[in-house]
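Each remark here refers to the structure printed beneath this line.
The values are calculated or read from the model by the stated rules, or taken from the named source; none is laboratory data. Keep in mind the model is a prediction, meaning the values are calculated, not measured. Positions of Cβ are backbone-derived with ideal geometry, glycine not excepted, and every protein chain shown enters the neighbour counts. Quick note on the areas: whole protein, heavy atoms, side chains included, nothing else; ligands and nucleic acids left out. Shrake-Rupley method; radii C 1.70, N 1.55, O 1.52, S 1.80 Å.
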Amino acid sequence: MSLLSNKYRVLVVFVGFLCLVSVCSNYVVMNFTFICMKNDMSFTRDDRGNETSPVSLFDYTPNEKKYIMWAVAAGTIMGTFPVNYVFVRFGGRWTFFIAGIVSVIATTLIPLAAQTSFHALLVARFCQGLAFAADFAAIGLLTVRWAPLSETAIFLGALTSFTNFSSVLTNAISGVICEGFGWRTAFYAHAAMGFVFFILWAIVYTDDPQKSSRVSSVELRKIQKNKSEQHLNTKNVDVPYKKLLTSPIVLCVWLNAFAEMSIIVFLHTYAPIFFNRILKFSVAETGFLLALSVFFPLPLKLVGGIISDKAKCFSERGKMLFFNTVSVGLVGFLIGLLGFIPQSYHYVSVVLFSFIFCCLSLNVAGFYKCATLHTRQFAHVVISTIQWMKSVALITGPALVAAIVKNEDSPVQWRIVLCILGGIMVTANTLALCVFTDKPAEYTMAEANEKTIKYEVNKEEA
């Protein structure tokens, strides 16, 4: 028990990570089960004018799939700010638990909703989006409450890797379940796992480490080291929304986040088309190469966080700007370059594509860390807004492609899209070089001259 109480923050991060993966997987699983659902003839329809025979009720048209995806985005966009308000007022323990249970219930009802009506399915997906709105707020609050300032990037690296991890895990599990037990079981299995994970969350997590009997005095000193009294007392505080919304640093963080989220949404959504139509890989080759490109960079989030937190030979701001330049500025340049590589050198494009994902993995030590160190106890507000911007990117990204790419086999049209996205990335990083800081904002302190708490941790306690 002594070992656990001295490392209790590790257990909190692990359980929190499982819950984040669950909420994300609950809505991602639909993307995979589309493949299995269209072959289910237990319910049919004949409302397609060009069909000579009934088709599966679950064989959705591209237009219907668009609305199924947008329902989640709409739920997240509408839920981000109300959910964040509840996090601020009531803490993360029961707020995130309720969000998780909403996700579990909505996921359980997906099969029933799908066979009831298309509109019922959209409602269930909307509820999944509402629950997903809690993910980034939970990341921010968990980091604010439980992360020592010296481990901020490590916490962020571990927690923000949930998106890629859930995609890899869900695709692997769903394939086996769909073939052996049917597509409905895939939803039930995800819901069951989510229920278990959130029960663990309610047991393990507390909003105030200082009031937890499971946290040792050694562990508490590590968590509170160099934090102000205002930082430690974060529950039910008034958030200075006006100061956040008018802060050049916070606005620059959001700009960098939106630029990068736009790239990530573009890559996850259109990379299969780009690989198949432009790089001329077969369907099987496309799936294999994309899986490798997404899977291998996964550890880099944690590695980047460790290097950022533990490397003492550079200033905190210097490290922050370096990692942001790699994950935003360099990626913008490489994305633009991707559009000019000849089709005959398609494996060069694959290597470049993989390198882009590796660079993107280092964002936790860039704008994410700037948000956390600068806004301190209000970081969850800033980080949850990044989730909102990701949802906006789910709409603006496809809109940009639809406006420019009229022929998916045209390298020139894809090149224009890549250059626009790359230009936004480079611009955002250039502004970051001018304004990013590791210093806490004045509004994070109770008084301008308030001193921070500094606990010295002995080597044997570390």
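Inspection of the range 273-288 finds a residue satisfying the criterion of being part of a helix (DSSP H, G or I), among the aromatic types (Phe, Trp, Tyr) and open to solvent by 40 Å² or more (accessible area, probe 1.4 Å). Might you let me know whether the range 247-261 holds any residue that is outside the structural domain of Val13 (by the TED database), modelled with pLDDT of 85 or more, under 21 Å from the mean Cα position of the chain (by Cα) and not hydrophobic (A, V, I, L, M, F, W, C)? Yes, the range 247-261 contains a residue that is outside the structural domain of Val13 (by the TED database), modelled with pLDDT of 85 or more, under 21 Å from the mean Cα position of the chain (by Cα) and not hydrophobic (A, V, I, L, M, F, W, C).
Within the range 315-335, identify whether any single residue is open to solvent by less than 30 Å² (accessible area, probe 1.4 Å), assigned to a helix (DSSP H, G or I) and at pLDDT below 90, and answer yes or no. No: zero hits.
Cβ-Cβ contacts under 9 Å between residues 6 or more apart (or on different chains), taken from a first residue in the range 179-204 that is under 23 Å from Val215 (Cα atoms) to a second residue that is aromatic (Phe, Trp, Tyr) and open to solvent by 50 Å² or more (accessible area, probe 1.4 Å), are listed as Ala202/Trp94; Val204/Phe14.
Evaluate the following for Phe14: is it under 28 Å from Ile139 (Cβ atoms), crowded, with 19+ Cβ neighbours inside 10 Å and either touching a helix residue (DSSP H, G or I) at 6+ places or on another chain (Cβ under 9 Å) or assigned by the TED database to the domain that holds Ser217 (or both)?
Against the criterion (under 28 Å from Ile139 (Cβ atoms), crowded, with 19+ Cβ neighbours inside 10 Å and either touching a helix residue (DSSP H, G or I) at 6+ places or on another chain (Cβ under 9 Å) or assigned by the TED database to the domain that holds Ser217 (or both)), Phe14 does not qualify.
Beta carbons closer than 8 Å, at least 6 apart along the sequence or on distinct chains, pair a first residue in the range 356-367 that is without any contact (Cβ under 8 Å) to a residue 60 or more places away in the chain with a second that is open to solvent by 10 Å² or more (accessible area, probe 1.4 Å) for Cys359/Val326; Cys359/Leu330; Cys359/Leu334.
Restricting attention to the range 58-84, which residues are at pLDDT below 85 and open to solvent by 10 Å² or more (accessible area, probe 1.4 Å)? Within the range 58-84, Asp59, Tyr60, Thr61, Pro62, Asn63, Glu64, Lys65, Lys66, Tyr67, Met69, Trp70, Phe81 meet the criteria. Within this structure, Phe90 passes the test of being modelled with pLDDT under 90 and either of a type in the set (Phe, Trp, Tyr) or under 19 Å from the mean Cα position of the chain (by Cα) (or both).
Any residue that is open to solvent by less than 40 Å² (accessible area, probe 1.4 Å), touching a residue at least 60 places away in the same chain (Cβ under 8 Å) and in contact with a strand residue (DSSP E or B) (Cβ under 8 Å, 6 or more places away or on another chain) - is there at least one of those in the range 125-136? Among the residues of the range 125-136, not one is open to solvent by less than 40 Å² (accessible area, probe 1.4 Å), touching a residue at least 60 places away in the same chain (Cβ under 8 Å) and in contact with a strand residue (DSSP E or B) (Cβ under 8 Å, 6 or more places away or on another chain), which makes the answer no.
Residues in the range 140-168 that are within 15 Å of the chain's Cα centre (by Cα) and over 17 Å from Cys370 (Cα atoms): Ser161, Phe162, Thr163, Asn164, Phe165, Ser166, Ser167, Val168. When you check Val88 against the structure, is it open to solvent by less than 10 Å² (accessible area, probe 1.4 Å) and among the aliphatic types (A, V, I, L, M), yes or no? Considered against the rule, which asks whether it is open to solvent by less than 10 Å² (accessible area, probe 1.4 Å) and among the aliphatic types (A, V, I, L, M), Val88 comes out as yes. The sole residue among Thr170, Thr206 that is open to solvent by 20 Å² or more (accessible area, probe 1.4 Å) and either within 26 Å of Ser361 (Cα to Cα) or of a type in the set (Ser, Thr, Tyr) (or both) is Thr206.
How about the range 173-203: which of its residues are surrounded by fewer than 19 Cβ atoms within 10 Å (Cβ to Cβ) and among the charged types (D, E, K, R)? Within the range 173-203, just Glu179 meets the criteria. Within the range 404-431, the set of residues being part of a helix (DSSP H, G or I), touching a helix residue (DSSP H, G or I) at 6+ places or on another chain (Cβ under 6 Å) and open to solvent by 30 Å² or more (accessible area, probe 1.4 Å) comprises Ile404, Pro411, Gln413, Ile416, Cys419, Ile424, Val426, Leu431. Pairing residues of the range 423-436 that are outside the structural domain of Ile249 (by the TED database) with residues that are open to solvent by 70 Å² or more (accessible area, probe 1.4 Å) and not charged (D, E, K, R), at Cβ distances under 6 Å and at least 6 apart in sequence or on separate chains, gives no pairs at all.
Scanning the range 260-272 for residues that are crowded, with 21+ Cβ neighbours inside 10 Å and in contact with a Ser or Thr (Cβ under 8 Å, 6 or more places away or on another chain) returns Glu260, Ser262.
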